[in-house]
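The values are calculated or read from the model by the stated rules, or taken from the named source; none is laboratory data. Remember, predicted model here, so these are calculated numbers, not experimental data. Cβ sites come from the backbone with ideal geometry, for glycine too, and all protein chains shown count toward neighbours. Areas reflect the complete protein model, heavy atoms only, side chains present, ligands, DNA and RNA absent. Shrake-Rupley method; radii C 1.70, N 1.55, O 1.52, S 1.80 Å.
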Amino acid sequence: MEFGAVMVLDEFSLDVGQGEFMTILGASGSGKSTLLGIISGLRQPTRGRILLDGADITGAPANRRNIGLVFQSYALFPTMNVFDNVAFPLKVRRRGRDEITREVGRALSLVRLDSYGARRIAELSGGQQQRVALARALVFNPSVLLLDEPLGALDRKLRQEVQGEIRDLQRQVGITTLLVTHDQEEALSLSDRIAIVNAGRLEQVGSPSELYSRPATAYVADFFGSSNIVTGRLHEEGGLRFLDDRGVRFLCEAAANGADAGERALSLRPESIRLDIEPAAHGVAAVVDQAIYLGTAVRYRLVLDNGRQLVAVVPSDQQQHPPATRVWLRWRPGDIWLIPQKPGSGNTAASGGASR
Ligand SMILES: Nc1ncnc2c1ncn2[C@@H]1O[C@H](COP(=O)(O)OP(=O)(O)O)[C@@H](O)[C@H]1O
Ligand SMILES: [Mg+2]
């Protein structure tokens, strides 16, 4: 997809399964809304195809695609009541009065607004308005539901509430759903699979746990927040495998073969690091720079002898270490994830991309 000379989506191929809840996760400006616009027919792609149930709908007008849409701004008709808002897609499709009454009732009941038909939009809370928008998107039994940052305008508590409702509703109706968001927590909690988009390109597609524990790129590891990413030279010694970061050696799981030695990046989750006062075999020395009590855990900022900072999150029932304490860091080698992509290659955040 190009806007003038600017490439906004490129080499983008994504399959969404029947009944699946797929989330497109990416920073602002990464091309998420453009993608939904192309799928819904509000925008025409420069190249490429959109298939729905096997049929090519790339040239089909938006109102023929049988796709339900919900945006961040509710885009409800303020002068109509709730019933008429939800009835609108059915009226456009010239359905009969009885069918409209029945289907609107069913959609409102799905979003638990049964008795709200006569209410004016202005009389509803933000969360209720978004539920009306959801009912309007579902009332004509679309094959796909597209949600573009639908909870962005809601405050945190309400957002979590509506998140739960969307998930329940999606399971109940079994509708194939594509959600767009920049909120990784939202993506992790709602999705069957997540597609991470960075500057108009797909970084990785996978289940929440796959992306969290086995990120394919440094961008993905970084996007899921607070992972320690260390670059260095991978090598084997005495049957063990290490990543050497300017004199500090990170013990990794032994390789099946030595073929992948060289410059690599690893990701080490903060909760995988353990802190000890006593030196440990293959441990890494560090000084506590900051210790923040989080309730169930303590988050440490640690400085290694080579100056690199790491973050560790340790359950607060374990021994605590005040700033300036010298500690030893340990982890299970299996907790180190070697990022498949070599640093500096491909479409990482650092290499930018053609879209901005
Ligand atoms: N109609 C347009 N004309 C030119 N550039 C556009 C247009 N719409 C979006 N863009 C640009 O395309 C990029 C992706 O935008 P968008 O899909 O809205 O991102 P997101 O939804 O991920 O925040 C941005 O750089 C944006 O400025
Ligand atoms: Mg957007």
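Taking each residue of segment 25-38 that is free of Cβ contacts under 8 Å to residues at least 60 places away in the same chain and within 9 Å of ligand 2 (Cβ to nearest atom) and looking for partners that are assigned to a helix (DSSP H, G or I) and open to solvent by less than 10 Å² (accessible area, probe 1.4 Å) with beta-carbon atoms closer than 6 Å, six or more apart or interchain, yields nothing. When Asn81, Asn66 are checked against the criterion of being open to solvent by 40 Å² or more (accessible area, probe 1.4 Å) and either of a type in the set (Phe, Trp, Tyr) or in contact with a Leu (Cβ under 9 Å, 6 or more places away or on another chain) (or both), a single residue qualifies: Asn66.
Restrict the check to segment 10-17 and report whether at least one residue is closer than 30 Å to Tyr219 by Cβ, acidic (Asp, Glu) and within 14 Å of ligand 1 (Cβ to nearest atom). Taking every residue of segment 10-17 in turn, at least one turns out to be closer than 30 Å to Tyr219 by Cβ, acidic (Asp, Glu) and within 14 Å of ligand 1 (Cβ to nearest atom). Of the strands (runs of 3 or more DSSP E) entirely within segment 142-236, those holding at least 3 residues that are open to solvent by less than 60 Å² (accessible area, probe 1.4 Å) and not β-branched (Val, Ile, Thr) occupy 144-148, 201-206. Screening segment 264-294 for residues that are assigned to a strand (DSSP E or B) and touching a helix residue (DSSP H, G or I) at 6+ places or on another chain (Cβ under 6 Å) and picking the one that is nearest to His321 (Cα to Cα) gives Ser267. Give the residues of segment 125-141 that are within 16 Å of Phe88 (Cβ to Cβ) and either part of a loop (DSSP other than H, G, I, E, B) or of a type in the set (D, E, K, R) (or both), sorted by residue number. Answer for segment 125-141, where residues must be within 16 Å of Phe88 (Cβ to Cβ) and either part of a loop (DSSP other than H, G, I, E, B) or of a type in the set (D, E, K, R) (or both): Arg131, Arg136, Val139, Phe140, Asn141.
Which one of Val86, Val104, Val6, Val92 is away from ligand 2 (no atom under 14 Å from the Cβ), open to solvent by 20 Å² or more (accessible area, probe 1.4 Å), modelled with pLDDT of 90 or more and of a type in the set (A, V, I, L, M)? Only one candidate qualifies: Val92. Across segment 247-264, the qualifying residues are those that are modelled with pLDDT under 85 and open to solvent by 70 Å² or more (accessible area, probe 1.4 Å), and the one among them that is nearest to Val303 (Cα to Cα) is Glu253. Considered as a group, the residues in segment 20-62 that are within 15 Å of ligand 1 (Cβ to nearest atom) and open to solvent by 70 Å² or more (accessible area, probe 1.4 Å) include one that is farthest from Leu147 (Cα to Cα), and that residue is Thr46. Could you check how many residues of segment 63-81 are at pLDDT below 90 and within 16 Å of ligand 1 (Cβ to nearest atom)? Of the residues in that region, 4 qualify.
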